[in-house]
Amino acid sequence: MMSAKSFTVQFDKIYDLSVITYSGMQMHPAEEAAGARTLVERHDSPADLPPMGNGGQGPAPGWPIYHDVRFTTHTGTHIDAPWHFNKKGRRIDEYLPEVFMGTGVVLDFRHLSDGARITGEDLARALPAVQEGDILLINTGRHKQLGTEEYATRHPGLDGEACERFLVEKKIKMIGMDTICVEPGSEEEHWDHPLHRICLIENEILLIENLGGQIDEVTGKRCYIVALPLKLQADAAPARVIALL
Ligand SMILES: [Zn+2]
């Protein structure tokens with residue numbers, strides 16, 4: 001669909017699969033327990049600044065405004081780099097942009113019950129078929145629960161051991177889910193984080209968490225995914241994830 005050589009880009013519509021990040025939004029329970037909070041705070045300019053723009057007829061006193069932003073790297077829609085779990089792993093800023101884009105598929109797993117574990121057979125059976133080198137996105141329907149207790153503790157997830165072979169054989173480029181974590185259930189239930197180990201330590205498959213937005217509209221479809229994270233010198237970073245269809 002996209003070719004760097006010819007600069008040809010063809011699609012009918014762009015779908016936004018990202019959630020909005022705002023002050024006080026839900027964070028991972030481990031981060032909340034550590035006292036982390038999301039802050040997106042507005043600051044106005046002094047009211048006595050001469051108006052700027054439009055020949056002095058510009059914005060009202062107080063403009064331009066600014067926002068002071070503070071969040072952990074795992075807030076809202078974000079991408080985990082290997083360094084999150086791997087002492088010797090790369091930081092998110094160390095990847096070239098092409099790592100974060102490519103052909104992909106958005107699988108429909110909205111029928112799953114709370115805490116369900118997705119296996120390699122489930123992925124192999126799903127339609128449209130996952131192709132080699134894909135970015136694999138999974139819709140569990142749980143993005144609709146963002147902000148609730150269930151969202152943090154009862155979501156389905158990928159069973160690391162049961163899908164390792166499939167992910168490696170298919171050379172999956174990136175995995176994304178509409179859940180607070182790609183592992184199933186509460187933090188206690190997946191304390192060992194087998195999928196994080198397989199993806200971030202052993203195979204360098206980056207992980208997208210907290211997908212949402214228009215994901216329902218592209219579910220069950222193949223599309224071109226662009227998921228560009230902020231170039232933070234960090235273990236992960238918020239990203240605007242879009243699907244071109
Ligand atoms: Zn994360």
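The values are calculated or read from the model by the stated rules, or taken from the named source; none is laboratory data. Since this is a predicted model, take the numbers as computed values, not measurements. Because the Cβ atoms are built from the backbone with ideal geometry, glycine has one as well, and the counts that use them run over all protein chains shown.
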Practice task
Can you tell me which residue among G53, G76 is at positive phi and within 16 Å of the ligand (Cβ to nearest atom)?
Solution key: G76
Exercise for the section: State whether the residues of the range 164-182 include one that is farther than 23 Å from L245 by Cβ, within 16 Å of the ligand (Cβ to nearest atom) and of a type outside the set (A, V, I, L, M). Expected result: yes
Completion exercise
Residue count, the range 72-86, condition more than 15 Å from the chain's Cα centre (by Cα) and at pLDDT 95 or above, comes to 1
Completion exercise
Exactly one of G176, G185, G120, G157 is modelled with pLDDT under 95, surrounded by 16 or more Cβ atoms within 10 Å (Cβ to Cβ) and not acidic (D, E), and that residue is G185
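Name the residue that is nearest to A116 (Cα to Cα), counting only residues in the range 185-222 that are in a loop (DSSP other than H, G, I, E, B) and within 15 Å of the ligand (Cβ to nearest atom).
H190
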Exercise for the section: Give me a count of the residues in the range 12-43 that are part of a loop (DSSP other than H, G, I, E, B) and within 27 Å of Q214 (Cβ to Cβ). Expected result: 15
Exercise for the section: Considering (1) part of a loop (DSSP other than H, G, I, E, B); (2) in the same structural domain as A124 (by TED's automatic domain parsing), say which one W83 fails and leave the rest. Expected result: (1)
